[in-house]
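The block underneath contains the structure these notes are about, expressed in structure tokens.
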């Protein structure tokens with residue numbers, strides 16, 4: 001091997017990479033919140049909705065879960081304009097990622113809700129709570145607690161998946177990597193450093209979610 | 001010169017799909033072998049080996065597959081190997097699948113109750129006999145549904161190979177789009193082709209899981 005590694009240009013541009021990482025974190029955070037909302041709504045419809053709505057949500061979940069994210073992003077960004085829906089790259093990225101995460105979140109949250117014993121819901125209604133209160137206090141929070149680990153894993157997969165939006169020209173960490181690659185011709189060094197930055201972010205997210213889980217959920221007894 | 005989207009394009013996409021299937025099979029078989037070693041090392045190996053396996057799983061699961069693909073794509077040539085895109089992409093996909101399968105199977109091995117180890121040890125079985133006749137047969141039963149489910153993940157993830165120029169189903173979709181300028185129709189067809197590969201696997205996995213839970217209500 002007569003290749004000598006040259007990390008200097010990569011670290012000279014480290015502020016650009018950090019900026020990219022910040023955009024990745026921002027994009028991930030926005031999508032996680034939107035995806036959680038879509039997932040909660042989807043799960044509620046799948047369990048209590050009228051039959052046509054249930055079938056529709058089921059088709060959405062199956063279609064998204066059985067096609068690649070990259071293809072979904074291409075459909076949103078390159079495909080939709082030819083049927084008259086033109087989105088700017090960042091909007092297409094958020095929309096595509098939300099549709100993607102929403103489908104997985106729907107399935108995860110549905111499983112969580114169905115793990116709540118029916119008698120608990122009845123008990124809540126007996127205590128005079130409104131349907132909304134029952135949903136808020138008896139169903140959704142305990143359901144999210146049950147599936148929290150699965151949800152966190154999905155969130156981290158999403159954060160890693162945001163790297164794909166660089167190929168629909170949305171700006172984030174991997175987009176910066178592609179740019180630096182084209183300018184410095186040091187692909188190996190750049191993708192190595194960037195991959196390690198993603199690793200740091202996924203470990204960071206895991207730690208952060210452990211702390212968040214600690215604060216929002218009451219510890220289970222027994 | 002643009003042309004109409006036609007039957008020929010559909011056939012082109014199918015030839016791309018062949019490469020997607022081949023790459024998926026390579027990733028699954030290669031990843032399965034590595035995954036088996038990783039799972040055993042992670043759950044039963046001596047401490048340093050356990051850490052090594054855990055580190056491998058952590059690194060692969062904590063970095064984007066896209067980064068891994070690019071590293072292998074450029075890494076091979078830097079280290080002096082002149083390999084085709086298929087080899088580079090296969091290597092990345094094998095290591096990716098190996099880490100995930102290793103993690104899935106580790107859970108399956110650890111799901112076999114401790115008492116099974118104790119009982120088989122009491123019967124005088126050696127470590128390899130315990131593994132071969134008592135632990136793995138039970139672990140495999142638990143492992144089949146999530147493994148089939150992960151096969152669908154592999155098929156989907158091979159689509160990233162298109163980004164380094166490997167002509168799989170998605171890359172063929174890009175080429176056909178460039179020739180016909182019908183991105184919506186082409187990418188929808190591409191999506192449906194991926195769907196027809198993945199959906200049967202997902203459904204199969206779901207049914208296997210239900211059957212498993214009927215057999216063992218716990």
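Read-outs throughout are calculated quantities, based only on the coordinates presented, and are distinct from any laboratory measurement. Predicted model, so just to flag it, every value in this text is computed and none were measured. Reconstructed Cβ throughout: ideal geometry from the backbone, glycine too, with neighbour counts over all protein chains shown.
Tabulated data for the structure shown
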| quantity | calculated |
| --- | --- |
| Fewest-first sequence of B:79, B:28 by Cβ atoms within 10 Å of each Cβ | B:79, B:28 |
| Principal-axis tilt of helix A:187-216 within chain A, Cα atoms, nearest 10 degrees | 20 |
| Cα centroid separation, segment B:131-169 to segment A:11-63 (Å) | 24 |
| Shape of segment A:11-115, Cα gyration tensor, a/c cut at 1.5 | oblate |
| Folded to 0 to 90 degrees: helix A:14-48 orientation relative to chain A principal axis, Cα | 20 |
| Estimated inter-spin distance, residue B:119 and residue A:200, nm [label 7 Å along Cα→Cβ] | 5.0 |
| Inter-centroid distance (Cα atoms) of segment A:169-207 relative to segment B:22-43, Å | 27 |
| FRET efficiency, 1/(1 + (r/R0)^6) with R0 45 Å, evaluated for residue B:11 and residue B:128 via beta carbons | 0.35 |
| Fewest-first sequence of B:76, A:74 by Cβ atoms within 10 Å of each Cβ | B:76, A:74 |
| Label point 7 Å beyond Cα of residue B:36 along Cβ direction - residues of segment B:102-116 with amide nitrogen under 13 Å | B:102 |
| Estimated [θ] at 222 nm from DSSP helical runs (n ≥ 4, -39500 (n - 2.57)) normalised by residues in the protein assembly as shown, nearest 500 | -25500 deg cm²/dmol |
| FRET efficiency for residue A:150 and residue B:83, using Cβ-Cβ distance with R0 set to 51 Å, rounded to 0.05 | 0.85 |
| Length-normalised contact order for chain B - Cα pairs under 8 Å, 6+ apart - percent | 30 |
| Fluctuation leader among B:141, B:68, B:174 - chain B, Gaussian network, Cα springs under 10 angstrom | B:141 |
| Label-point separation in nm, residue A:216 to residue A:115, each point 7 Å along Cα→Cβ | 1.6 |
| Likely footprinting exposure, B:93, A:33, fewest C-beta neighbours within 10 Å first | A:33, B:93 |
| With Cα atoms, 0 to 90° folded angle of helix B:183-215 axis to chain B main axis | 20 |
| As computed over segment B:39-118, the Cα convex hull volume per residue (Å³) | 99 |
| Measure of compaction for chain A (Cα Rg per 2.2 N^0.38 Å) | 1.22 |
| Cα gyration tensor shape for chain B, rounded if a/c is under 1.5, else prolate or oblate | oblate |
| Simple label model, 7 Å out from Cα along Cβ direction - residue B:213 to residue A:91, nm | 4.1 |
